[in-house]
Amino acid sequence: MLQCTPDNDPAQHRMPLVDHLLELRQRLLLTVIAFLVAFLGCFYLAGDIYGFLVRPLAHVMEAHGGSQRMIYTAITEAFFTYLKVAAFAAFVITFPILATQLWLFIAPGLYKNEKKALLPFIIATPILFLLGASLVYMFVMPLAWHYLLSFQSSGAETTLPIQLEAKVSEYLDVVMTLILAFGTCFELPVALTLMAKVGLVSAQGLAEKRQFAIVGVFIAAAILTPPDVISQIGLALPLIGLYELAILSCRWIEAQRARVEQKTENR
């Protein structure tokens, strides 16, 4: 049975509701300030950040011999695109701060064993998000852009040439959608493992519903990614692998729970 030492007992950290709200406001305010500082810095570097995001397309354009330029058709389009770039980059940078402040807010109300149980998930969340974002940037986007640019043609093939004139805002929307979709979907093992920990799902149930999960994965990939086969398969296949990883993680959680219950019964 858990011994409630002063450091282990959440009752030691009880405070009135108003104090909880004040602490929450303070932590949210700190997160907002960090976001604003990061936003200003990212806006100053928005051109470099956008150049980093557009690099996969630039390499594919060079390989296809197309026009090495992007366009904007509204006088304010480039400015607002840079604002979106800065906000997107600032969110990515400050997300660990948000997660840390959230953890510091809820941690005093948890037992020591609960803290140990949740901490790996807090650490795994940004790591998995970065893995998903890296996968889409380094592998999926180059393949998808190469496939989509293959529809360009010369005048000899289609009477009039078909050439890409990429808009800066549309390209950024596609890239942000892909990065957020891959990063968020890579949190699947964390979500399913947490659900298994509280008894909402089981490893056997996940394994038995594997075929439905695969269909759901491909449907989600079709909705979340641009309408091309490369990016849809590029998201679906890793998700299927992560689903299998989640099943293994759930089995490990269940085995741990069974050992704890057996020790409790033997006392």
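The values are calculated or read from the model by the stated rules, or taken from the named source; none is laboratory data. Owing to the predicted nature of the structure, the values given are computational and were not obtained by experimental measurement. So basically every Cβ, Gly included, is an ideal-geometry build from the backbone, and we count neighbours across all protein chains shown.
Got at least one residue in segment 80-93 being farther than 20 Å from residue 175 by Cβ, at pLDDT 90 or above and not aliphatic (A, V, I, L, M)? The answer is no, given that none of the residues of segment 80-93 is farther than 20 Å from residue 175 by Cβ, at pLDDT 90 or above and not aliphatic (A, V, I, L, M).
All of 233, 247 fail the test of being within 23 Å of residue 174 (Cβ to Cβ), crowded, with 16+ Cβ neighbours inside 10 Å and without any contact (Cβ under 8 Å) to a residue 60 or more places away in the chain, apart from 233.
In segment 183-190, is there at least one residue being within 26 Å of residue 251 (Cβ to Cβ), surrounded by fewer than 13 Cβ atoms within 10 Å (Cβ to Cβ) and at pLDDT 85 or above? Within segment 183-190, none of the residues are within 26 Å of residue 251 (Cβ to Cβ), surrounded by fewer than 13 Cβ atoms within 10 Å (Cβ to Cβ) and at pLDDT 85 or above. Which of the residues belonging to segment 244-253 are modelled with pLDDT of 85 or more and not small (Gly, Ala, Ser)? Matches in segment 244-253: 244, 245, 247, 248, 250, 251, 252.
No other residue among 237, 164, 248, 194 is in contact with a Phe, Trp or Tyr (Cβ under 9 Å, 6 or more places away or on another chain), assigned to a helix (DSSP H, G or I) and not assigned by TED's automatic domain parsing to the domain that holds residue 122 apart from 194. Selection of segment 178-192 for residues being of a type in the set (Val, Ile, Thr) and closer than 17 Å to residue 217 by Cβ yields 184, 190.
When segment 51-66 is filtered for residues that are surrounded by fewer than 13 Cβ atoms within 10 Å (Cβ to Cβ) and in a loop (DSSP other than H, G, I, E, B), only 65 remains. Of (1) in the same structural domain as residue 37 (by TED's automatic domain parsing); (2) surrounded by 17 or more Cβ atoms within 10 Å (Cβ to Cβ); (3) of a type outside the set (Asp, Glu), residue 131 satisfies all except one. Which? The one condition residue 131 does not meet is (2).
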